[in-house]
Structure formats: C-alpha cells, structure tokens
C-alpha cells in the first residue's frame with residue numbers, strides 16, 4: 001500500500017469517525033430524519049453537478065444502478081437514518097463503536113452465508129471483536145444506555161452489511177462521483193416520507209446546528225464517501241476496510257474532545273480489543289486470498 005493510499009485511508013477514518021459527534025450535536029436541535037434527508041439532497045446535488053462538469057454521466061450499467069439503489073436505501077436511509085435517530089437517546093461514542101463493527105459483521109456474514117473461508121487469525125479477530133463489544137455494551141447498559149437507541153444502531157449495521165454483500169464486486173470506474181451523488185439522492189428520497197411518517201418536525205436555528213449540519217454534509221457526507229470509493233478502487237475493498245479498525249478509537253476520542261462525553265478505562269479496554277479484532281479479520285482475509 002503506497003503513501004497516497006495510506007493518507008487517503010487515514011483521512012477517511014478521521015472524517016468518518018467525526019460524523020457521529022457532528023450528528024449528535026445536530027440532532028439536539030432538529031428532527032434527525034428530516035435533517036438527514038436535506039443533507040443528502042444537498043450533498044447529492046453538489047456531487048452530481050461536479051460529476052457532470054467532469055464529464056461523468058448517469059448512463060450506468062444495470063449492476064451500477066443496483067449498487068446505487070441498494071446503497072442509497074441501506075447505507076444512506078437505513079444505516080445513517082437509524083444512527084441519527086439513535087443519537088437522540090445514546091452517546092455519539094457508543095454509536096461510533098457499534099458502527100465500527102461493520103468489517104466484523106461483513107466477514108462473519110461472508111463466512112456463514114457465502115462460504116468465504118477465514119484464516120485462524122480472522123476467526124480469532126471475530127471472537128476478539130465480539131468480546132470487546134460485550135465489554136463496552138455491558139458497561140454502557142448498566143450505566144443506563146437506552147436499549148432502543150442501541151437496537152437502532154445494530155439495525156443500521158445489519159442493513160449496511162447486507163448491502164455490502166449484495167453489491168461487492170460491482171465496478172464504479174469512470175463514474176465514481178456520479179454514483180456517489182445518485183446514492184445520496186436515493187437516500188434523500190427515502191428519508192423524506194419516513195420523516196413525515198415517523199417524526200414531528202422541529203428545528204432550533206442555532207450556530208451549533210448550522211455548523212454541525214454544514215460539516216456533516218460536506219466532510220463525512222461528501223468528501224469521506226468520495227475518498228472511500230477512490231480508496232477501494234486504488235487498493236481493493238479488503239485493504240481499504242482495514243482502516244475501519246481506527247474508527248472505534250477515533251470515534252470515542254473525538255466525542256470526548258468535542259462534546260465532553262464520558263470515557264472510562266473499561267471503554268478504552270473494549271475499544272482496543274475491537275480495534276485488534278477488526279485488524280485481525282482484515283489480515284486474516286488477506287492471508288486467505290493470498
């Protein structure tokens with residue numbers, strides 16, 4: 001993996017991890033699903049306009065349209081919608097930790113449902129990641145973490161795991177930014193009626209809301225997604241996914257620094273175990289493929 005790829009991966013991990021803190025701030029002042037729908041509308045339009053200026057078109061293959069629709073629904077609408085709703089009741093650091101389980105859940109699902117072999121290292125990584133989750137979840141639940149909020153986060157991870165399995169291997173070459181923008185517009189279209197059905201609209205116009213909304217729209221929403229697709233195209237999905245092992249630590253650290261969320265030694269212990277588990281799973285998958 002070259003220096004540019006490493007820099008892209010670190011940038012992605014930092015941006016992605018920071019999204020939970022900015023979302024936690026934003027949902028304090030506005031309806032989460034309505035706000036998320038607007039975020040995807042703005043991000044999607046920006047991406048499509050830039051893509052068109054670069055000569056990219058929406059003339060996609062059937063498989064690419066499948067990826068657009070599935071990821072638009074599963075990642076943008078269900079995964080992020082569930083996380084934004086959950087952060088009305090749980091801390092950003094807990095949501096980030098649960099979301100960081102994606103490489104573990106994808107590896108486990110691939111092993112169970114698709115027969116993809118895992119090395120001993122990968123298997124130990126799955127076990128370690130699970131233990132780390134139990135350590136953190138036990139502490140948080142005993143400390144009063146909201147069960148419904150936690151359940152929403154796990155629903156989100158399950159949806160993104162399903163989408164990852166269904167669309168892996170589909171090429172985005174030549175139209176990366178257009179595909180990113182179209183996925184966001186799909187998410188916006190799904191979230192708007194969901195907001196009308198599930199929540200009572202409210203908004204408090206504060207500088208904190210405007211700052212958090214602008215940041216989450218442009219940085220985690222647009223820039224991180226684009227970097228992710230480019231990184232996958234450069235080094236492959238498995239190597240790109242190895243950067244997810246940084247997300248538990250970064251998510252917890254950013255939440256503690258920016259919004260002063262509590263951080264215990266038990267949390268740190270669990271985060272280290274999860275990071276090790278995610279890294280071991282990725283290393284194990286590399287060993288199996290080689």
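For the stretch 53-107, give me each residue that is part of a loop (DSSP other than H, G, I, E, B) and either under 26 Å from residue 136 (Cα atoms) or in contact with a strand residue (DSSP E or B) (Cβ under 7 Å, 6 or more places away or on another chain) (or both).
87, 88, 89, 90, 91, 100, 101
Given the options 229, 201, name the one that is in contact with a helix residue (DSSP H, G or I) (Cβ under 6 Å, 6 or more places away or on another chain) and free of Cβ contacts under 8 Å to residues at least 60 places away in the same chain.
On inspection, the qualifying residue turns out to be 229.
Would you be able to tell me the number of residues in the stretch 155-203 that are part of a loop (DSSP other than H, G, I, E, B), at pLDDT 90 or above and within 19 Å of residue 62 (Cβ to Cβ)?
Adding up the residues that qualify gives 0.
Residues 59, 64: which one is over 25 Å from residue 196 (Cα atoms) and either buried (at least 20 other Cβ atoms within 10 Å of the Cβ) or in contact with a helix residue (DSSP H, G or I) (Cβ under 6 Å, 6 or more places away or on another chain) (or both)?
64
Would you please name the residue that is farthest from residue 108 (Cα to Cα), looking only at residues in the stretch 135-149 that are assigned to a helix (DSSP H, G or I) and without any contact (Cβ under 8 Å) to a residue 12 or more places away in the chain?
Checked the stretch 135-149; the qualifying residue farthest from residue 108 (Cα to Cα) is 142.
Considering only residues that are in a helix (DSSP H, G or I), free of Cβ contacts under 8 Å to residues at least 40 places away in the same chain and either over 21 Å from the mean Cα position of the chain (by Cα) or buried (at least 24 other Cβ atoms within 10 Å of the Cβ) (or both), which ones fall in the stretch 108-121?
111, 112, listed by residue number.
Could you tell me whether the stretch 167-179 includes any residue that is touching a helix residue (DSSP H, G or I) at 6+ places or on another chain (Cβ under 9 Å), crowded, with 18+ Cβ neighbours inside 10 Å, without any contact (Cβ under 8 Å) to a residue 60 or more places away in the chain and within 23 Å of residue 278 (Cα to Cα)?
no
The values are calculated or read from the model by the stated rules, or taken from the named source; none is laboratory data. Not measured: the values here are computed from a predicted model. Heads up, the Cβs are rebuilt from the backbone with ideal geometry, glycines too, and the neighbour counts pull from every protein chain shown.
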